[in-house]
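Here the structure comes first, spelled out in structure tokens, and everything after it is commentary.
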Amino acid sequence: MAFQPNPGDTYIINETEYRVGEHPAAPGLAYAQAGRQGMVYQLFLKHGDVLDAKALKVFFPKYRIPAMVYQSEQLEAYSGLQGLKVCKRNVLTPEKNGGIIQAHTDLLYAVLMPWVHGPTWLDIVADQRVLTRKDSLHLARSLAQICSGMEQKGLAHCDLSAPNLLLPFFSEVKRSSETSPIELVDVEQLYSPKMDRPDVLLAGSPGYAAHRTIHSGLWSAYADRFAGAVILAEMLGWSDSKLVQRAWGESYFDQHEMQTVCERYGVMKRSLDERWGSKVTELFVRAWESHDLSSCPTFGEWLIVLSGVADEEPIAVKPASAGALEASSSIPTAADSESSVNTGKPAKASVQAEQVSGQQSPTQESGVSAAAVTVSDPNVVNRLFNQARELEQKEQLQGALEVYRSAHHFVPHGSPLEVELAAAIGGLEQKLAADAAPAHTKKPKLRKRTAILLTSALAVLLLGASPFMVSMLQADSQAAAEQAEAERLQAKQREEEAARQKAEAERKQAEEERLMQEEEKKQEEIKRKEAEQQRLAAEKQKQEEQKKKEAEHKQLQQKYDAQAKYEKYVQWKKEKDERLRRQQELERQRKQKEAAELKKIRSRDVVLLIASYNMTYNAIAQDNLKNAKTNALEFAKRYEKDPSYFKKVGKMGERADHIYKFLSNTKHALPDI
């Protein structure tokens, strides 16, 4: 008989009574979840807590393998590892659970294990539920820690995917502090050097398996690396709402996109780089571009990188306005050059010092609050400095300038780092000023710089042309050449801007013509609809007249039909009452017969149960355990047909308790009852 339980049904498994749970979203149906290998039902102890719930996994016929018993014994050794709670399991066998298996043959080699509360990662992905940065990082670290611990023991799940990741972290059921945020399920294909290769291997799950292995079974120590990298990237990316909206469906990637340079891959790569840093991106790219599973990063590498990622959002720098940039940029004057000649210090350093000392507080210009960046954090300057370097390498000069200014606010005055930051700020301000300054303001500056150069050259001759001053003049000459190159680039930019404006005007004109054509089409459509409405109105009027005539005819017909129907009903009522009377009489006779038959069968079974018990007792007395076990199984089989009745007959319940104890332990001595 197939196993199709209803909510509230009770079953005795290993001398413990369990109750089938009800589905929270479908009242009246048993709480069951379908997997690739079978169905999982939720069971509760009859008087137990919700935290003690069990999962009964009933396998499809293809996966009912006797070796499951040995495999479960091996898996129990790993139940203490984080994330492998379901490895603590019991298998229903004919020897221990013959009665219930005979009643429900589907339960052969079914597995009883702990129930894990909480949604799956598939539920989070399919619902497009955006996570906070803290939750995303916590989940990713937990998964990396679980898989790293498994790797260190030579283990691999071999089907790491969204449906096989349960998240007690999001469970509504109160959990203890020792509960893992993530639990792995469907561990029947778990790889271990100490276990035999399964008879049936599953291919990797779509959306998570490498395309080079999707058509073959995965069973090796490296089997989880690629799928794990994809899931870790999903968990980190799920705090980015733009990325979540681009998801394919039940996974972020479509299976056909795996390990290809597709659009979703680009979005994922950019999101990881912007939100989590280049090191995380490098690990994901290594896995994505790998040619075999052993080339993918280990989970230990993932754990090290993720442990160094901050929980808080990356510092966002607000670009300064063009006016602020021009105000903060200063141009060297003749007085500055003379000062540099007399003091023997370059004018550039003094200009940079004025720029740094005259600027506003970085937290005011960039929009970064003092609460977000404080001196109490010893790593804040390093983080800001590294972030500015990355922006500068990406040619994002304005953003790099603002981050440098933020870092400069927190370094001690006169320190080497303060000098380095001041030089970087001055250099970026000069680059941005050269790009932003109009062409008509640059020529006077060039003439002014030429005068400065002549004055400086005369001072050098008067001072004896010291080597230091010669090097300064060479630097100024190079700066003048750079200024001329900047003017040339500015002219080129103006030409490109003019071409762009011309193309934009042509585009607008074409757009206006297209809109006019669409308007004409709309007017024609309106006229066509009006004509159609007139035709429909005339047709509707004609139909209404026809309906009126039909209604009158129908009313007369209904009167005749009602009379005929009433007469027919009276005749039918008489026949029905007579049939009901005969059926009740037959039912009464049938119940009497069944009651007599049931009484006869029960009396016979009581005699046979006593005989089976006595035969078991005698066989034990003669040390014939084989016959004793056969008679005991026969007793259990017959007793479970009607346990509620037999338990009340004499000492039959006491006999049954001793028979079950003997089946569990053949050394148990049966009393003479």
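The values are calculated or read from the model by the stated rules, or taken from the named source; none is laboratory data. Treat the numbers as computed from the prediction; the structure is a model and nothing was measured. Note that each Cβ is placed from the backbone with ideal geometry, even for glycine, and that neighbours are counted across all protein chains shown. These area figures cover heavy atoms from the full protein model, side chains too; ligands, DNA and RNA do not enter into them. Shrake-Rupley method; radii C 1.70, N 1.55, O 1.52, S 1.80 Å.
For Lys641, put the label point 7 Å out on the Cα→Cβ axis and report which residues of the range 580-615 keep their amide N under 20 Å from it. Label zone hits: 591-615.
Output the peptides 615-622, 630-637 sorted from most to least packed, where packing is the average of other Cβ atoms within 10 Å over each peptide's residues.
Working: 615-622: 17.6, 630-637: 20.1.
In descending order of packing, they fall as 630-637, 615-622.
Each peptide in 424-432, 653-661 gets a packing score, the mean of other Cβ atoms within 10 Å over its residues, and the list from highest to lowest is 424-432, 653-661. For the pair Lys492 and Asn665, the difference between a 0.36 nm per residue extended length and the Cα-Cα distance amounts to 52.8 nm. Largest first, the residues His138, His413, His291, His23 sort by 1.4 Å accessible area into His413, His291, His138, His23.
If the chain between Asn614 and Gln509 were fully stretched, how many nm would it gain, using 0.36 nm times the residue separation less the Cα-Cα distance?
Details: separation 105, 0.36 × 105 = 37.80 nm, distance 10.48 nm.
That pair, Asn614 and Gln509, stretches by 27.3 nm at full extension.
Centre-to-centre, using Cα atoms only, the range 220-287 and the range 124-141 are separated by 13 Å. Measuring between their Cα centroids, the range 590-634 and the range 407-427 lie 95 Å from each other. Rolling a 1.4 Å probe over the protein chains gives Tyr639 an accessible area of about 20 Å².
The distance linking the range 489-517 with the range 45-108 is 72 Å (Cα centroid to Cα centroid, whole angstrom). Once you sort the root eigenvalues of the Cα gyration tensor of the range 151-290 as a ≥ b ≥ c, which label holds: rounded (a/c under 1.5), prolate (a/b larger than b/c) or oblate (the other case)? Cα axes put the range 151-290 in the oblate bin. Here the range 28-185 yields Rg over Rh of 0.97, to two decimals, using C-alpha coordinates and the Kirkwood radius. Distance between the 7 Å Cα→Cβ label points at Leu625 and Asn6: 4.3 nm.
Under the simplified labelling scheme, the Asp657-Asp123 pair shows an inter-label distance of 4.2 nm, with each label point 7 Å from Cα along Cα→Cβ. Placing a label point 7 Å from the Cα of Lys394 along the Cα-to-Cβ direction, the residues of the range 257-288 whose backbone N falls under 11 Å from that point are 270-278.
Within a straight-line Cα-Cα reach of under 29 Å, Lys554 can be paired with the following lysines, leaving aside sequence neighbours fewer than 8 residues apart in one chain: Lys540, Lys542, Lys565, Lys568, Lys573. Counting heavy atoms of the protein chains alone, Trp572 has an accessible area of about 110 Å² for a 1.4 Å probe. Model label sites at Tyr560 and Lys548, defined 7 Å from Cα along the beta-carbon direction, differ in position by 2.4 nm. Of all lysines in the structure, those lying under 22 Å Cα to Cα from Lys502, and not within fewer than 8 positions of it along the same chain, are Lys492. Considering the range 29-85 at the alpha-carbon level, its Rg and Dmax are found to be 13.5, 35 Å. As a rough guide to protection, the peptides 67-74, 172-179 ranked by mean Cβ packing within 10 Å, highest first, stand as 67-74, 172-179. For Lys279, the lysines whose Cα comes closer than 22 Å to its Cα, not counting residues fewer than 8 places off in the same chain, are Lys134, Lys242, Lys269, Lys394.
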